Amino acid sequence: MIVVVGLSHHTAPIGIREAIALPAEVVAPLLRELCATPSVGEALIVSTCNRVELVAAGRSVDADLSRVVDGCASALCERAPQIRDHLYRHVGGSAVRHLFRVAASLDSLVVGEPQILGQLKQAYDLARAERTLGPILNRTIPRALRVAKRVRTETSIGLGQVSVPSVAVDLARQIFGDFSHHVVALVGSGEMAETAAKQLRGGGAKVVVVGRNLERAQDVAKAVDGEGRPWTELGATLAEADVVISSTSAQGYVVDYEAVAAARKKRRGQSQFLIDLAVPRDIDPRIEKLDGVYLYNVRWADAEQATPTIVALRGRLRAALDMELSRSVRGRLKHLSEEERNALVKMVEASINRVLHGPTLRLRQAAAVRSPDALSLEQLVAALGELFDLSQSASLADDADMQLEDEAPPSDPASVSDGAVDSVKRRSLSEGP
């Protein structure tokens, strides 16, 4: 029988997963080291952005699996002691069931994503090349791969474009709606960036791919009629991009606080959304302190639960301010030039960003970190929905009616024209100019 020892997005925050992220060049030596121990006879390592797992078996069919578990846990904790409390341990039938679930993408951050099957195949091929497989894993892994293929062909789990990059693009689309007239920058030109680029095809965005390998970046960009740029143009690209999706294999931040802060000044109040698909992280988390800059990393699947409320709240506030601005430029401010009106529009957008920056962070924190001592995401969402009437049936015309009723003078029985005047005012607001 086999054991599985590791951690994933289910048990460890991204800061912990970063600590044990295994670069490709260390996987083979670790396999050899593990199989040189007295307890472990066979081993395979699954290492992705969202999980690091050791799949192992003893030196014989009747081996003490508790010793195999201890050997695997020790091998991981020697590299990152802080992960110890986040490890899970599956033994025997539980380990087989877990492995099959992983292969079939039932345990993935985005259920149904196809990448994990390829990653498990690569792990199997590497272990076979390193001669760290034996009769037990040579039977179990191919069975897991066959089961995963059956799940994908006999169920609807893989229908549509399902992947971490596709969800990232969907998130950006929720925020911006139509991508037309927006710039999306992909930092890195690997498989994640290529998948994201395909998701952006036909969305109307200008796609810019920045990579250390310019030829590869240009190839990825070509698929979406985009533009490939060298790494030296990263700073200029950050200033231009409305959405930044980063997915490199670097071991440190490639998009740092200073670069985003400098780009922020050049963007003059325009919102910017950054999505970090890498582990270790590509984007310095301190950038969330910047007004109008919003960062999502690979734990955004939890935080995305807050997105509909954030989008609804932003839309409600923008619609209200746009209504008042439109009314003003048709009245007291109709003398303003086109340039001055554009300046007012930018001021309104910057004001929305500043007002909503704090609530946005608070909602996303409530989604990602569940604390018994703080209000839950559900409670915060319910409160905002009640306070700002974020139901789909609510309209600004209703708000206008209520405002006019609140502001109307006390009714005078001797005057029948007040109600008629109020009615005309309400109708004009509902129907527009």
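Read the figures in this text as sums done on the coordinates, not as results from a lab. Quantities reported herein were computed from a predicted structural model and do not represent experimental measurements. Neighbour counts are summed over all protein chains in view; Cβ atoms, including those assigned to glycine, are modelled from backbone coordinates with ideal geometry.
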How many Å³ per residue does the convex hull of the Cα positions in region 2-154 occupy? 97
State the three equivalent ellipsoid semi-axes of region 164-298, derived from the C-alpha gyration tensor as the square roots of 5 times its eigenvalues, in descending order and whole Å. 19, 17, 14
Projected label distance in nm at Arg101 and Asp64, using a 7 Å step from Cα toward the beta-carbon: 2.9
Using a Förster distance of 35 Å, how high is the FRET efficiency between Arg327 and Glu191, based on the Cβ-Cβ distance and rounded to 0.05? 0.10
Cβ-based net charge around Lys149, under 13 Å, with every Lys or Arg adding one and every Asp or Glu removing one: +4
Could you go through region 238-243 in sequence order and give the Karplus-derived ³J(HN,Hα) for each residue, using 6.51 cos²θ - 1.76 cosθ + 1.60 with θ = phi - 60°, rounded to whole Hz, and x for Gly and Pro? 4, 5, 8, 7, 7, 10
Cα principal axis extents for region 240-338, largest first, Å: 57, 31, 18
Peptides 185-191, 150-156: what's the order by average Cβ count within 10 Å, highest mean first? 185-191, 150-156
Largest-first principal axis extents of the Cα set of region 181-260 (Å): 32, 24, 17
Only counting other Cβ atoms within 10 Å, I'd like Val102, Val27 sorted with the fewest neighbours first. Val27, Val102
In whole Hz and in residue order, list the ³J(HN,Hα) couplings for region 10-17 that follow from phi through the Karplus curve 6.51 cos²θ - 1.76 cosθ + 1.60, θ = phi - 60°; x for Gly and Pro. 6, 10, 9, x, 4, x, 6, 5
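Gain in length, Ser156 to Thr232, computed as 0.36 nm per residue apart minus the alpha-carbon separation, to one decimal in nm?
23.0 nm
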Whole-Hz ³J(HN,Hα) from phi, Karplus 6.51 cos²θ - 1.76 cosθ + 1.60, for region 278-284, glycine and proline x: 9, 9, x, 5, 8, 10, 4
Taking a spot 7 Å from the Cα of Asp125 along the direction of its beta carbon, which residues of region 1-30 have an amide N less than 18 Å from it? 24-29
Among 217-226, 138-147, what's the highest-first ranking by average C-beta atoms within 10 angstrom per residue? 217-226, 138-147
For Ile2, Ile14, what's the fewest-to-most ordering of other Cβ within 10 Å of each Cβ? Ile14, Ile2
Suppose R0 equals 25 Å; then what is the FRET efficiency for Ala319 and Glu386 from their Cβ-Cβ distance, rounded to the nearest 0.05? 0.85
Peptide ranges 275-283, 327-335 listed from the most packed, as the mean C-beta count within 10 angstrom indicates: 275-283, 327-335
Would you mind calculating the gained length between Gln379 and Arg212 on full extension (0.36 nm times residue separation, minus the Cα-Cα distance), in nm to one decimal? 55.6 nm
